[in-house]
Every structure is written in structure tokens, then in C-alpha cells.
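K.L.:
Would you mind keeping the following structure in view while I ask a few things?
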Amino acid sequence: MAIKRVGILTGGGDCSGLNAVIRSVTRSAIIKHNWHVIGIEDGFEGLLENRTQPLTVRSTRDILPLGGTVIGTTNKGNLFAYRRVLPDGTLATEDRSKEAIDNFNRMGLDCLFVVGGEGTQEIGFKLHQAGCPVIGIPKTIDNDLYGTDYTFGFQTAVQVAVDALDRLTTTGKSHQRVMILEVMGRNAGWIALESGIAGGAHIILIPEIPYDLEKVEEKVRLRAEGGSPFSIIVVGEGAREMGGEQIVSAAAGTRLQGVAQLGGVGNYIAGRLGRNLDLEVRCTVLGHVQRGGTPTSFDRLLGTRLGHCAVEAACQGEFGKLVALKSLEVVLVPLDECAGKVRTVPPGHQLVTCAEAIGISLGRA
Ligand code: F6P
């Protein structure tokens, strides 16, 4: 089938590098293949509501260094389990995939590029199974998408966290305080682990290794006894104490997204350490700062490579695949192998052993 018209949407939480992908898909599709490119606004919502914008070489000019996504996104539009609030305040779920597929056909699209994380790729895969030719492009600051070594957006988030750690280090040292930085990452500790190592943290707590608070206290106390009352702790938002639960700021059942909002573990640990140690403890929650702003060169380059390879995959009819980075090469991975699956930190990962070998505590019992 000769492709004439393609659509692109960005779904889930935004991250830096999305505009690099949009620009690369648009330019590759137009300059090399002379296709028409349609931007679907606000993720799958735009597919349901027929909200689109034409993308051209001119309209995507200057967007490479911009954070966010020029076509918008949402993490609320699961077409197969669409949630909305009823007048009585309760949540109802319905399957709206047929409307989306009808709109896809009405738009005259020959291919849909779905840019998103694990949840978005799962929806894309189901759309593909239902007859829409889909190609997935992996994105998320969490770096937890199965099938790819790196997602774009991650390196930028790590750099933001490292910058924060450098700043917390100077103020923490001056005041001889214990400084805690809570970073994002959901159930994966990649951001905490990489930023903690690169930012010189003394303790890194990740969701994959439940922490023992006594071990955390011991590390801080030993440092203080050795003449360094200052310590830096990086904690992933999904980390939990041994035998305890993750700390959530909003439960899944109350949210349109259908997943819990994590947050609060940094302040929880600060409270406990503050009570048990004779030291001042402060917590900083980095939050959405990790998702905004200009992408690093790594993420611009990765986004551009993935966008180009996605267009070539479409040209060769390789639908139902994810363009993925494996050992520095962009390859195609079947969506059914990776959609909806997360890649967390294996507790024996080389980064974990490296961290422990250089004296960083992971709060293990
Ligand atoms: O998945 C990306 C992410 O930033 C997670 O790290 C975080 O838990 C979540 O999204 C925050 O979502 P929201 O933007 O809905 O608060």
C-alpha cells in the first residue's frame, strides 16, 4: 500500500524531546516521501473529538529545543476503558475504541505514529489489533518501557535531578544538614539511581529495593561520626520501606487516569530521620520540573533518530512495531512483546553494584 497521509499523536505525561520526534517525523515524511502529516491534538482525546492540525516543515520549524509537545497530550484518554465523571461524582468506564477507529478512517490516515510510554503503547497496540496500522515511538522520563534501552526524556530528567543535587550539596554542606531529594519515576528507580550516582548521593532509595530505615539512619550517623554531618539522599517516589506500602498522594480509584499518584516518601523519611537523629533534615520534591524545559542533546538526537526510523518502518509496512534503541542501534520490536510491560531496575543491575561498590547505601537490610 502506498502511504499518502500519516497521523501522529503524543500520549501520557509529557517529557523533553517530544517536539524533536514530531519535527523529525514531519520532516522525514515530507522531505523524503512527500506524505501529508496530521498532528492529532491531546493524544487519543483528539482522535475521539476529531481535533487535528496539519504539520509541515514550516510549522515544525524552531521546535527542536522546545520542551512539552506542540500537539498537546493527556494521560486520561484510554479508548478501551474511557473514564468520565458522572453527575453524581462517581466514575464510569466505557469502551470508545470504535469511535476512534471510525475517526481514524474518516481522517484518511494510512498510519498512526503513537508516541508514548507503556500505557499509551498498550492502547496503540490494541488499535493496531483492531485494524489501524500503528507504529510506536517510546517516550517517558521514567525509562521504564520494555523493549528499549532508553526512552527519550529520561536523560533530560536525570540532568535536572543532577543539577538539583549539585545545588542541594552546597547548601547542605554549609548548614551541615541531611538533604533529601524526591524524584519521579513511578515504580522504576532509574532516575533516582542514575541521578544519585552522577550527583554524588550518599544514599539512594529505589522502588525495586525496599529500604530498611535503620540502615539509612546508620549510614547518616556513621558519616556524622566520621566528621560529615551532611548527607545527600535521593529517593524515587515509588520507594517503600521494608514491609510497608508505597506512599500515594491520590489513590487510583479517585483519578481519571486510573493509576495512583505517587508522592510523599521524601517527607516521610525526613520526618522519621529528624525524630531519630540529632541532625537537621530537609526534603525537596523535584516534581514536574523533571518533565519540562529544553531537552539535552542526547534526547534531541534520540528523538530525531526514532522519528526518522518510524517513518522508514511505515514505508516498509512494518506496522505493529516499536522503534527501540538497543545497544546504540535503533531496531524494530513487535508491540505485543513490549506494550503494557514495564522495565524496572533489576536488583543485581550493574548500576546497583557500581553504586554499592563506591560506598553508596541503597538502604538494604
Ligand atoms: O510517567 C511519568 C511521570 O512523570 C511519573 O514519573 C510520575 O509519577 C507521573 O508521571 C506524574 O503524573 P502527573 O503528571 O499526572 O502528575
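K.L.:
If each of Ile101 and Glu225 carries a label point 7 Å out from its Cα toward its Cβ, how far apart are those two points in nm?
P.N.:
Taking the two extended label points, one gets 6.6 nm.
K.L.:
If you don't mind, another one. Between Ala130 and Met242, what length in nm is gained on full extension when 0.36 nm per residue of separation is reduced by their alpha carbon distance?
P.N.:
36.0 nm
K.L.:
By count of other Cβ within 10 Å, fewest leading, how are Leu47, Leu127, Leu64 ordered? Mind showing how you got there, number by number?
P.N.:
Working: Leu47 30, Leu127 24, Leu64 17.
The order, fewest Cβ neighbours first, is Leu64, Leu127, Leu47.
K.L.:
A further question on this structure: Grab the Cα-Cα distance for Phe298 and Thr254, subtract it from 0.36 nm times how many residues apart they are, and report the gain in nm with one decimal.
P.N.:
Full extension of this stretch gives 12.2 nm more.
K.L.:
If a/c stays under 1.5 just call it rounded; otherwise compare a/b with b/c (prolate if a/b is bigger, oblate if not). Do that for the chain, with a ≥ b ≥ c from the square roots of the Cα gyration tensor eigenvalues.
P.N.:
Prolate, because a/c is 1.5 or more and a/b exceeds b/c.
K.L.:
Do any GluC sites (Glu not before Pro) in the range 29-89 lie in a DSSP loop with no more than 16 other beta carbon atoms within 10 Å, and if so, which?
P.N.:
none
K.L.:
Still on this structure, I have one more. Could you check the simple spin-label distance between Asp110 and Ala365, using points 7 Å along Cα→Cβ, in nm with one decimal?
P.N.:
Once both label points are built, they end up 5.9 nm from each other.
K.L.:
Taking the Cβ of Glu99 as the centre, find all other residues whose Cβ is under 11 Å away and add up their charges (Lys, Arg: +1; Asp, Glu: -1).
P.N.:
Cβ neighbours under 11 Å give a net charge of -1.
K.L.:
Looking only at the range 156-292, where both bridge partners belong to it, what percent of the DSSP beta bridges are antiparallel (to the nearest 5)?
P.N.:
Taking every DSSP beta bridge with both residues in the range 156-292, the antiparallel ones total about 10 percent.
K.L.:
Next up: Around Arg23, with a cut-off of 12 angstrom between Cβ atoms, what is the net charge of the other residues, counting Lys and Arg +1 and Asp and Glu -1?
P.N.:
Around Arg23, the surrounding residues sum to +3.
K.L.:
In debye, nearest 20, what is the charge dipole magnitude of the chain about its Cα centre with +1 on Lys and Arg Cβ and -1 on Asp and Glu Cβ, if you could check?
P.N.:
So the magnitude is around 760 debye.
K.L.:
Determine the calculated [θ] at 222 nm for the chain from helices alone, applying -39500 (n - 2.57) to every DSSP H run no shorter than 4 residues and normalising by the residue count; nearest 500 deg cm²/dmol. Don't skip to the answer; put the middle values down first.
P.N.:
Values: 11 runs with 125 residues, N = 365.
Value at 222 nm, helices only, nearest 500: -10500 deg cm²/dmol.
K.L.:
Straight-line reach only, C-alpha to C-alpha below 14 angstrom: list the aspartates and glutamates that Lys215 could link to, leaving out same-chain residues fewer than 8 apart.
P.N.:
List returned: Glu241, Glu356.
K.L.:
Report for the chain the percent antiparallel among DSSP-assigned beta bridges with both residues inside it, nearest 5.
P.N.:
35
K.L.:
Just to be sure I understand the rule: take each whole DSSP H helix in the chain, project its Cα atoms onto its long axis, keep it if the span is 20 Å or more and its mean Kyte-Doolittle hydropathy is at least -0.5. Which ones pass? Don't skip to the end; give the middle numbers.
P.N.:
Details: long enough: 154-175 (31 Å, -0.05); 297-315 (27 Å, 0.38).
In the chain, the long hydrophobic H runs are 154-175, 297-315.
K.L.:
For Thr353, Thr69, Thr60, which order do you get if you count the other beta carbons within 10 Å of each Cβ and list the fewest first?
P.N.:
In increasing order of surrounding Cβ atoms, one gets Thr353, Thr60, Thr69.
K.L.:
Explain nothing, just the number: dipole magnitude of the range 156-292 about its Cα centre with +1 on each Lys and Arg Cβ and -1 on each Asp and Glu Cβ, in debye rounded to the nearest 20.
P.N.:
Values: 14 positive and 15 negative charges, 56 e Å.
With only Lys, Arg, Asp and Glu charged at Cβ, the dipole is about 260 debye.
K.L.:
Hey, rough spin-label estimate for Lys326 and Glu49, points 7 angstrom out along Cα→Cβ, what's it come to in nanometres?
P.N.:
Output for this residue pair reads 3.9 nm.
K.L.:
Which length gain, in nm to one decimal place, applies between Gln350 and Gln261 when the Cα-Cα distance is subtracted from 0.36 nm times their residue separation?
P.N.:
29.1 nm
K.L.:
Right, here's the next one. What order do you get for His308, His288 when you list them from fewest to most C-beta neighbours inside 10 Å?
P.N.:
His288, His308
K.L.:
Determine the alpha carbon to alpha carbon distance for each of Lys219/Lys341; Lys76/Lys139; Lys76/Lys126; Lys32/Lys126; Lys32/Lys341; Lys126/Lys326 and list only those over 27 Å.
P.N.:
Those over the limit are Lys219/Lys341; Lys32/Lys126; Lys32/Lys341.
K.L.:
Loop-only trypsin sites (Lys or Arg not before Pro) in the range 296-365, please: DSSP not H, G, I, E or B, and at most 15 other Cβ atoms within 10 Å.
P.N.:
In loop regions of the range 296-365 (DSSP not H, G, I, E or B), the sparsely surrounded trypsin sites (Lys or Arg not before Pro) are Lys341, Arg364.
Rule-based calculations on the coordinates, nothing more; no lab input. Since the model is a prediction, treat every value here as computed from it, not as a measurement. Positions of Cβ are backbone-derived with ideal geometry, glycine not excepted, and every protein chain shown enters the neighbour counts.
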